Amino acid sequence: MRLANFKPSGGGGAQWRLGACVDKYIADLGVACGIYRQTVFGCDHEVLAAGIPASILDLLKLEGRGLSYARRVVEWLEAMVRGAKEAGHAPGQPLFRVASDCVLDAPLRPGKLITVARNYHEHVAEHGMTHTGKVPSASIKASSSLVGPYDDIVRPIFERQLDYETELAVVIGMRCKNVPQRDAYNVIAGYVVLSDIVARQVLKIEREAGNQFLGKMFDTFGPLGPWLVTKDEIEDPMNLAISTRVNGELRQQGGTKGMIWSIPQLVAYFSQATLEPGDIISTGTPAGVAAGRKPHEAPWYLVPGDVIESEVQGIGVLRNKIVDDPAGSSDWDWKG
Ligand code: MG
């Protein structure tokens, strides 16, 4: 099942809607749930009592029951699309819209988005380091930096080393704590792609001050999506290809099997502090980032006009253009 946060193209100020990808359509799952509960019997009354979920986060907060409810509605929608095809017409609005006539936002904005750093040996090596840590290295990325899968990425006016990191991100499906590795996949709802954008110059200045903060957290520094793919669709998340292209040129090419800390290890480690439904653990990036390129005199840093495509096999592709910071940006003296 693929769940998206959508609205019709040209929808202006219309609210984002909870959608499910069905064939070439995005079905309005909010509308569908309302019709389903009025017309189809045998629903889980506890779920029905919880109301009609308005967002993917709402659905995840119902824990496993929410996704199984959504799955039943999606199966009903799929049968509807098959029936319409056989009858030779398109399924009607407001339930269905052709996906290409919709815009997508980030599937969700979690309570916490943990971004794991230095989790691929080749990526650690391209930073001139070796893996020695006894625990995963990570930071928190603010939900306010997340944008839709095809939205623009704004390069801060003072930043000239804008970098890309394509990552498989794990979405937690239930409140949990101290999850043993063997149970890790039980608490996962599904997967998304994160384009973990980094302002390397800012990050360097911040690290000199002993922290790491804005360099990974500016607005638009986290295209996410294109949709949430539920875990049943991904046979082995530890064996997915990851790639990044900039203006069509291949920059990163790796696979999740190259992770230092596996998904079960990451869930076990980070769940020592409570994880909530919708929380995201982004699992790090393989080699090929701009900062790691040798020789450095031929920079690969992103500049306005560049189009970056971030892909994880079986999940999807994010496509984002780099744009300049509009006038009126920060007056902080980064050179001072
Ligand atoms: Mg990263």
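The values are calculated or read from the model by the stated rules, or taken from the named source; none is laboratory data. All values reported here derive from a predicted model rather than from experimental measurement. Every residue, glycine as well, gets a Cβ built from its backbone with ideal geometry; the counts of neighbours run over all protein chains shown. To get the accessible areas, we keep the full protein, side chains included, count just its heavy atoms, and leave off ligands, DNA and RNA. Shrake-Rupley method; radii C 1.70, N 1.55, O 1.52, S 1.80 Å.
From the helices alone, meaning DSSP H stretches of at least four residues, give me the mean residue ellipticity at 222 nm for the chain, per-run term -39500 (n - 2.57), in deg cm²/dmol to the nearest 500.
Dividing the helical sum by the residues of the chain leaves -6000 deg cm²/dmol.
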Open item on the list: So, R0 is 22 Å and r is the distance between the beta-carbons of residue 185 and residue 54; what FRET efficiency does that work out to, to 0.05?
Closed with: 0.20
Open item on the list: Testing the spin-label approximation: label points 7 Å from Cα along Cα→Cβ at residue 71 and residue 121. State their distance in nm.
Closed with: 3.7 nm
- [ ] Would you please report the Å³ per residue occupied by the convex hull of the alpha carbon atoms in the stretch 148-230?
- [x] 122 Å³
Open item on the list: What is the angle, in °, between the Cα long axis of helix 64-87 and the longest principal axis of the Cα atoms in the chain? Nearest 10 is fine, range 0 to 90.
Closed with: 70 degrees
- [ ] Give, in nm to one decimal, the length gained when the segment between residue 158 and residue 15 is fully stretched (0.36 nm per residue of separation minus the Cα-Cα distance).
- [x] 48.1 nm
TODO: Could you tell me the accessible area of residue 80 in Å² (1.4 Å probe, neighbours in place), rounded to the nearest ten?
DONE: 70 Å²
Task: Within straight-line cross-link reach of residue 177, aspartates and glutamates at Cα separation under 13 Å, skipping those fewer than 8 residues along the same chain - done: 276, 279
Task: Among 16, 76, 300: highest mean-square fluctuation, GNM of the chain, C-alpha pairs under 10 Å - done: 76
Open item on the list: So, R0 is 25 Å and r is the distance between the beta-carbons of residue 132 and residue 205; what FRET efficiency does that work out to, to 0.05?
Closed with: 0.50
TODO: Using only Cα atoms, tell me the angle between helix 29-39 and the longest principal axis of the chain; keep it within 0 to 90° and round to the nearest 10.
DONE: 20 degrees
Open item on the list: Sorted from largest to smallest, which semi-axis lengths in Å does the alpha carbon gyration tensor of the chain give for its equivalent ellipsoid, taking the root of 5 times each eigenvalue?
Closed with: 36, 23, 18
- [ ] Please give, to one decimal in nm, the separation of the simple spin-label points placed at residue 232 and residue 324, each 7 Å out from Cα toward the Cβ.
- [x] 5.0 nm
TODO: Have a look at the stretch 102-170 and give its Rg and Dmax from the Cα atoms, expressed in angstrom.
DONE: 14.8, 46
TODO: Using Cα positions and a limit of under 29 Å, work out the lysines in reach of residue 85, with same-chain residues fewer than 8 apart set aside.
DONE: 7, 24, 231
Task: Gained length - residue 101 relative to residue 89, 0.36 nm times residue gap less alpha-carbon distance - done: 2.6 nm
- [ ] Find out how many positive minus negative residues lie around residue 213, taking Lys and Arg as positive, Asp and Glu as negative, among other residues whose Cβ is under 12 Å from that of residue 213.
- [x] +2
- [ ] Determine, for each peptide in 244-255, 137-148, the mean count of other beta carbons within 10 angstrom over its residues, then list the peptides with the highest first.
- [x] 137-148, 244-255
Task: Options 277, 193, 302, ranked by Cα towards positive dipole end of the stretch 192-330, top entry (Cβ charges) - done: 302
- [ ] Run the quick spin-label model on residue 139 and residue 331: label points 7 Å from Cα toward the beta carbon, then report their separation in nm to one decimal.
- [x] 2.7 nm
Open item on the list: If R₀ is 45 angstrom, what is the calculated FRET efficiency for the pair residue 39 and residue 175, using the beta carbon separation as r and rounding to 0.05?
Closed with: 0.90
